[in-house]
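What follows is a set of notes on a single structure, which appears directly below.
The values are calculated or read from the model by the stated rules, or taken from the named source; none is laboratory data. Here the structure is a predicted model, which means the values were calculated and not measured. Note that each Cβ is placed from the backbone with ideal geometry, even for glycine, and that neighbours are counted across all protein chains shown.
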Amino acid sequence: MMRLKDFPVDECLLQGNAACPGCPATIGLRLVLKALGKKTIMVVPACCTSVIESLYPHTSFDIPVMNIAFEAAAAGASGVEASLRQQGRTDITVVAWAGDGGTYDIGLQALSGALERGTNFIYICYNNQIYSNTGIQRSGATPYAAWTTTTVGGKNELRKEMGDIILAHHIPYAAQTCISYPEDVFSKVTKAKNIKGPKYIEILAPCPPGWRFSMDKTVEMGRMAVDSGAWALWECENDKMIFNGKSKLILEKKIQRKPVEDWIKYQGRFGHLFRPQRDEKRLKAIEEYVDSLWDRYRKCYLGK
Amino acid sequence: MQCQSNYHGTRGGEEKLTIMIDTGNRIAAKAAIMAKPEVVAAYPITPQTTLVEAIAEYVARGEYKGEFICVESEHSAMCACIGASAAGSRTFTATSSHGLLLMHEMLHWAALARLPVVMCNINRVIGPGWNIWTDENDSISQRDTGWIQFYCSSNQEIFDTVIQSFKLAEHEKIVLPVMINLNAFILSHTSMPAEIPEQRVVDEFLGKHIAHWKSDIDNPTTFGNIIGPAYYYKVRRAMQQSHLRAKKLIPQIAKDWKKSSGYFHGDLLEYYKCEGAEDILLSMGAIGAESKIAINELQNEGQKIGLARVRVLRPFPTEEIIKLGKQANLIVIDRNISVGLEGVLFNEVKAALFGTSDIKATGFIAGLGGKDVTYKDIKSMCRKAIQGTSKAQEWYAMED
Amino acid sequence: MKKFSVETSLSYPKKGAMGKTGSWRVFKPILDKKKCVKCLRCWIFCPESSIHREKDDSVSIDYEFCKGCGVCANECNVKAIIMEREEAKKN
């Protein structure tokens, strides 16, 4: 794996953009664009990044960016890719960069279509588990019991397993990572760049205002998510599944995952589970869900 | 079902023309392929399907060398066209009815993005209940999206208008998407002859596609980020100005095409026997074609009546309508309804005439849900209007 | 940079598109170069690209655009960066 010292110094996301302080999306964008370089066209649906780009007539992106409607990133990228192929510009990487709302929910159909058609692009979902650009509403990626402005007492349902949906398309490369692991992000994006066909990468992106934690803790929150097993680092190349880093150790039971409680207790969106008194029932349900997740991972992928 | 025979057309001068006897859809596909779009993205919907299938056959035969993307919805079809156009390619798609409605958001997007996407829409009834026959409510309800809208009345006109649309859409003074409308089944599935010029003629007429803006790694831009009110206002005005310029360019391009291919179907309007007319009928699409027979018969019966077939609904031919309003009383047949108001063409004709004329305008709603409108029906509507026995806006042949 | 003449929402790259975002700061990261071990964690994690990386992998902070989130201080394993409250700005 590449060392930080070997990461390119070039920046494609310019300083002085409109992102909130401590924004995980900009950390992710920097990493992704370091891996992809300037020969990249990015298609962006409605999401925080459409704001981060800053105001017309200026942009904070030093690569071509095409904004498109909320549900449309993958379809728009299909068109860009087809056009570039006609022009013989197969040296350019086409990337759709979308949030979890634009991926799990409203953009799912277009994404599934593009994967099935074999569009030669990388679809990257930066997942902050909410509709953050519209002001923190629940999405299909919001975890059970989390507060959002539309799940005021905590979400009643479990989050969608997007990874399973993606894997069902049997595309050449799919991966889950997190902004807290730059080497992991870099390596996965680089790998995806060099594979032909549809690639999907999902990056967990802890959002300070959305999750209600202090903005200096963005990176730490991502690590805690992985330590607790609430988020897994994996990659699947040609249907061969590999877990990475701590997630691999958790899968193989070489280490025990930390309690999810150790992660969520620092997030205001779960505050109602701790104050005024502990909500044992829901806290237990959260741990049981993550246990069941790993039981399933082990059943499906261990020793294969 | 492609009956082709080579012969030397009389209208095309020395050019060698091919007669193609085929359906409106297949002739539209022929025109689209001859325009050589680099990317076609489409999703099937009755009655557009045979158009898409025809394109798939061109792909299979190796006669179409561009990218044909079979997307998973009409919404994605328009998105893929937008993406391809923004990356610098000539693009084409086709849809109908509910497909067009599903595209609605992206129709606005393509127009605001100033992307010269060309699309055929087969005018079909909107459900529920399911009805695959023709009326024009699908495209009429897209008239504010910024697309230029043509309405065709024959297969020859479909062919010629598709070619002209690429020229118009990509013209540096326009840079807007164009929609070519044809009535379900009456045109889409009816075989008629059309003269097809040589490929060279189309190539020379259209030239190579030039993108007026594109996503380019050597000149990075961000398209469509947040834009404040003052700038947005200008973007809207620029679209309006392009539409106004299109009023001059559509006739010019039609004349240029006539020089190349021999065919001319009118400017924004097609005038038929309007000279000396005291009443003029305004209609669109297939009813427009049927109207000619009605006009012939009415004139034979001694009526001073002519026809102005509206070919272009957007930009709206305001000046032309005003001229007509100075000459004659107007009779308008709408195969659409803006529910809660009246037929859209009738409404817009009256708006155009406001303050310029005190002639009588009579409107009819006819043919909704695919109800047949024959030349006899058209004659009957015209007579009622001339005699003054119709209601202000009448639902023609409504059976209670 | 070529500007396209067609009038639509096309924007062109500019550093500081939202102005000098350093003015957003409430807390200011202070780097102690003597403690720095050149691990580059602050550089890679800075959401604003406001930690400049020098040729020898030493770093410096660009206060013009640093929004003061404190991720650098939190991620520094040797506590070479601390956060200090910005002094009240004059006027």
Subject >> Out of B:THR91, B:THR161, B:THR190, sole residue that is at pLDDT 95 or above and closer than 19 Å to B:GLU74 by Cα >> reply: B:THR91
**OP:** Just need a number here: residues in the range B:345-400 that are small (Gly, Ala, Ser) and touching a residue at least 40 places away in the same chain (Cβ under 8 Å).
**Re:** 5
Subject >> Sole residue being surrounded by 24 or more Cβ atoms within 10 Å (Cβ to Cβ) and part of a strand (DSSP E or B), chosen from B:LEU187, B:LEU176, B:LEU182 >> reply: B:LEU182
Original post:
Residues in the range A:60-72: is at least one assigned to a helix (DSSP H, G or I) and under 19 Å from the mean Cα position of the chain (by Cα)?
Top reply: no
**OP:** Mind listing whichever residues of the range A:228-267 are among the charged types (D, E, K, R) and crowded, with 21+ Cβ neighbours inside 10 Å?
**Re:** A:ARG257
**OP:** State which residue is farthest from A:SER83 (Cα to Cα) when the search covers only the range B:60-76 and only residues that are buried (at least 17 other Cβ atoms within 10 Å of the Cβ) and more than 8 Å from every other protein chain (Cβ to nearest Cβ).
**Re:** B:GLU74
**OP:** Identify, by number, the condition in (1) away from chain B (no Cβ under 14 Å); (2) out of contact with any helix residue (DSSP H, G or I) (no Cβ under 9 Å at 6 or more places or on another chain) that A:VAL185 doesn't meet.
**Re:** (2)
Original post:
Can you find even one residue in the range B:292-305 that is within 18 Å of the chain's Cα centre (by Cα) and crowded, with 20+ Cβ neighbours inside 10 Å?
Top reply: no
Subject >> Residue check, B:MET106 within 9 Å of another protein chain (Cβ to nearest Cβ), touching a helix residue (DSSP H, G or I) at 6+ places or on another chain (Cβ under 8 Å) and not hydroxyl-bearing (Ser, Thr, Tyr) >> reply: yes
Subject >> Residue satisfying all of: in the range B:1-39; modelled with pLDDT of 95 or more and among the basic types (Lys, Arg); nearest to B:GLY66 (Cα to Cα) among these >> reply: B:LYS36
Subject >> Given (1) within 21 Å of A:HIS170 (Cβ to Cβ); (2) away from chain B (no Cβ under 11 Å), number of the condition A:GLY107 does not satisfy >> reply: (2)
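Yes/no per residue for (1) out of contact with any helix residue (DSSP H, G or I) (no Cβ under 6 Å at 6 or more places or on another chain); (2) in contact (Cβ under 8 Å) with a residue 40 or more places away in the chain; (3) facing another protein chain (nearest Cβ under 7 Å):
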residue: A:MET2; (1), (2), (3): no, yes, no
residue: A:PHE7; (1), (2), (3): no, yes, yes
residue: A:ASN17; (1), (2), (3): no, yes, yes
residue: A:PRO24; (1), (2), (3): no, yes, no
residue: A:LYS38; (1), (2), (3): yes, no, yes
residue: A:ALA46; (1), (2), (3): yes, yes, no
residue: A:SER50; (1), (2), (3): yes, yes, yes
residue: A:PRO57; (1), (2), (3): yes, no, yes
**OP:** Run down A:ALA82, A:ALA74 and say which single residue is touching an Asp or Glu at 6+ places or on another chain (Cβ under 8 Å) and among the aliphatic types (A, V, I, L, M).
**Re:** A:ALA82
Subject >> Unmet criterion (only one of (1) within 8 Å of another protein chain (Cβ to nearest Cβ); (2) on the phi < 0 side of the Ramachandran plot) for B:GLY224 >> reply: (2)
**OP:** Take the range C:30-82 and flag every residue that is under 12 Å from A:GLY22 (Cβ atoms) and more than 7 Å from every other protein chain (Cβ to nearest Cβ).
**Re:** C:CYS46, C:CYS66, C:CYS72
Original post:
When you go through (1) farther than 30 Å from A:GLY79 by Cα; (2) within 14 Å of another protein chain (Cβ to nearest Cβ); (3) touching a strand residue (DSSP E or B) at 6+ places or on another chain (Cβ under 6 Å) one by one for B:ILE280, which number turns out not to apply?
Top reply: (2)
Original post:
Looking only at the range C:41-82, which residues are of a type in the set (Lys, Arg) and touching a Lys or Arg at 6+ places or on another chain (Cβ under 7 Å)?
Top reply: C:LYS67, C:LYS79
Subject >> Residue satisfying condition, being surrounded by 22 or more Cβ atoms within 10 Å (Cβ to Cβ) and within 24 Å of C:LEU10 (Cα to Cα), within set B:LEU115, B:LEU100, B:LEU51 >> reply: B:LEU115
**OP:** Kindly indicate whether A:ALA96 is more than 9 Å from every other protein chain (Cβ to nearest Cβ), modelled with pLDDT of 95 or more, within 30 Å of B:ALA230 (Cα to Cα) and part of a loop (DSSP other than H, G, I, E, B).
**Re:** no
Original post:
For the subset of the range B:342-400 comprising residues that are farther than 20 Å from B:ASN296 by Cβ and of a type in the set (Lys, Arg), which member is modelled with the lowest pLDDT?
Top reply: B:LYS391
**OP:** May I ask you to list the residues in the range A:174-211 that are without any contact (Cβ under 8 Å) to a residue 60 or more places away in the chain and basic (Lys, Arg)?
**Re:** A:LYS188, A:LYS191
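Residue-by-condition table, conditions (1) over 19 Å from A:SER60 (Cβ atoms); (2) in a loop (DSSP other than H, G, I, E, B); (3) acidic (Asp, Glu); (4) more than 7 Å from every other protein chain (Cβ to nearest Cβ):
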{"site": "B:ALA211", "(1), (2), (3), (4)": "yes, yes, no, yes"}
{"site": "B:ASP216", "(1), (2), (3), (4)": "no, yes, yes, no"}
{"site": "B:TYR232", "(1), (2), (3), (4)": "yes, no, no, yes"}
{"site": "B:ALA238", "(1), (2), (3), (4)": "yes, no, no, no"}
{"site": "B:HIS243", "(1), (2), (3), (4)": "yes, no, no, yes"}
{"site": "B:ALA246", "(1), (2), (3), (4)": "yes, no, no, yes"}
Subject >> Within chain C, strands (runs of 3 or more DSSP E) holding 1 or more residues that are surrounded by 20 or more Cβ atoms within 10 Å (Cβ to Cβ), under 12 Å from the mean Cα position of the chain (by Cα) and in contact (Cβ under 8 Å) with a residue 12 or more places away in the chain >> reply: C:27-31, C:51-53, C:59-61
**OP:** Being in a strand (DSSP E or B) and either touching a strand residue (DSSP E or B) at 6+ places or on another chain (Cβ under 6 Å) or modelled with pLDDT under 95 (or both) is the filter here, so list the residues in the range A:2-58 that pass it.
**Re:** A:THR40, A:ILE41, A:MET42, A:VAL43, A:VAL44, A:LEU55, A:HIS58
Original post:
When the range A:72-84 is examined, which residues are found to be facing chain B (nearest Cβ under 7 Å) and farther than 15 Å from B:LYS214 by Cα?
Top reply: A:ALA72, A:ALA75, A:SER78
